[in-house]
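Right, one structure below, let's go through it.
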């Protein structure tokens, strides 16, 4: 394994000149503007000081330079190109190459053929992925900028606090903020970022991975995969069938931009209509509808359902849910006494408005445990329950809210209860019994 070292002048060290083509070589340029070229096997080439030109030739080569301007070309093989300080132009050539740049003030780097990995720390420049599934990770502070042209293949940019611009181009491409130390706002449709993504831009990018904080992520009209990560995230896939994962935290699935009504069920995974059509989702505890007449259903956990505009139908399901109908004639639907227990697990209706035609729908609950069929409730206002009478419904007024109680077994004790905020009284017409 020959080791050849240049001078402080301008040196040329090549495997061909020294008949080292079939050996594993280590060449050191030292000072000056040097030319280094490896042979057919895996060589280690160190430009060191000066403005250097380095060719790896065949084999998986290690190329390192630490100052001035560097031109590096790995050529064939799986090459490692490590550059520090100064400016640079680098080509990976064929093979799965690794680029690692630190403190480079300006660079142009080309992955070319193969699945390339690039890391840029405190550096600004442009990386062209070429063919293959390429991965770029930036570790930049504000004031640094990296532009990534993915080219063909499924490419990934893991962004940082600096300005990152990602042209996904062909393939299924992903921008990730998993390394970020604060939350992001990402809107692929409007090409707008905020928080740790402020100043970033994405073109022809399909997928987004969020942070461990409270992110707001919106897709576009393509098929999108969006993963919120930890934190309480708001995620909207937009048009097109999307794969949406809230991750950890209390996450909201948001259809407020949908161009038509949606039907979404957190328990069954049903998603249809408007921007929900074709969606797959998991890991969501909260659900927001569109400006139309939506059907929103929770699961067995604690959910928040927001109807928005339109005559919406909200079904919380089990556990203590928070229900917001929004404007329009909304229905708050209960199908089982377990949907809203009398003590723990009670649902809360936050914006019941008789003037808008809102109603509390109890028609899915059998009001009697002994009579056959599905019996309807009898509304008795504020009157106390009668002993032995099944199916009575009453309410009690408190400061700022009402409690609705239903007795299905005649023991004069409410078997379920619903809290209704900011309402002074209720009438039979406020219910579907």
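Only the coordinates and a few stated rules stand behind these numbers; no lab work does. Just so it is clear, the structure is predicted and the values come from calculations on it, not from any experiment. Note that we place each Cβ from the backbone using ideal geometry, even for glycine, and neighbour counts take in every protein chain shown.
What is the fewest-to-most order of 412, 30, 144 by other Cβ atoms lying within 10 Å of their Cβ?
Numbers: 412 13, 30 16, 144 21.
Exposure proxy ranking, most exposed first: 412, 30, 144.
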What residue among 354, 252, 204 shows peak mean-square fluctuation when the chain is described by a Gaussian network model with Cα springs under 10 Å?
354
With Cα springs under 10 Å, the Gaussian network model of the chain assigns the largest mean-square fluctuation among 400, 231, 345 to 400
Where the centroid of each part is defined by its Cα atoms, how far is the stretch 212-260 from the stretch 340-376 in Å?
31
Which whole-percent values make up P(r) of the stretch 293-433 when all C-alpha to C-alpha distances are grouped in 5 Å steps starting at zero?
2, 11, 21, 24, 22, 13, 5, 1, 0
Could you let me know the centre-to-centre spacing of the stretch 1-71 and the stretch 73-117, using Cα atoms, in angstrom?
15
Under the definition of Cα pairs under 8 Å and six or more residues apart, what whole-number percent is the relative contact order of the chain?
5
Shape of the stretch 144-249, Cα gyration tensor, a/c cut at 1.5
oblate
Quick one: of the DSSP bridges fully inside the stretch 121-274, what percent are antiparallel, nearest 5?
15
Give the order of 337, 186 when sorted by the count of other beta carbons within 10 angstrom, beginning with the fewest.
337, 186
With a ≥ b ≥ c the root eigenvalues of the C-alpha gyration tensor of the stretch 259-328, is it rounded (a/c under 1.5), prolate (a/b larger than b/c) or oblate?
oblate
Can you grab the distance from the C-alpha centre of the stretch 149-175 to the C-alpha centre of the stretch 391-433, Å, no decimals?
55
Modelled label reach - residue 204, point 7 Å along Cα→Cβ, the stretch 212-239 residues with backbone N closer than 17 Å:
220-224
Report the calculated FRET efficiency for residue 336 and residue 178 (r = Cβ-Cβ distance, R0 = 56 Å), to the nearest 0.05.
0.90
Which one, 289, 414, 143, has the greatest fluctuation when you compute a Gaussian network model over the chain with C-alpha springs under 10 angstrom?
143
Cα→Cβ-extended label distance, 7 Å offset, between residue 267 and residue 374, nm
1.3
Ordering of 218-224, 77-83 by packing [mean C-beta count within 10 Å, highest first]:
77-83, 218-224
Per-residue counts of other Cβ atoms within 10 Å, averaged by peptide: what ranking do you get for 271-281, 147-157, highest first?
147-157, 271-281
Rounded, prolate or oblate: which one fits the stretch 39-178, using the alpha carbon gyration tensor with axes a ≥ b ≥ c (rounded when a/c is under 1.5, else prolate when a/b beats b/c, else oblate)?
oblate
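Taking the convex hull of the Cα atoms, report for the chain its projected area averaged over all directions, in nm². Kindly include the intermediate steps, with their values, before the conclusion.
Numbers: hull surface 99.8 nm².
Computing the convex hull of the Cα atoms and averaging its projections yields 24.9 nm².
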Under a point spin-label approximation (7 Å from Cα along Cα-to-Cβ), what is the residue 8-residue 76 distance to one decimal in nm?
4.0
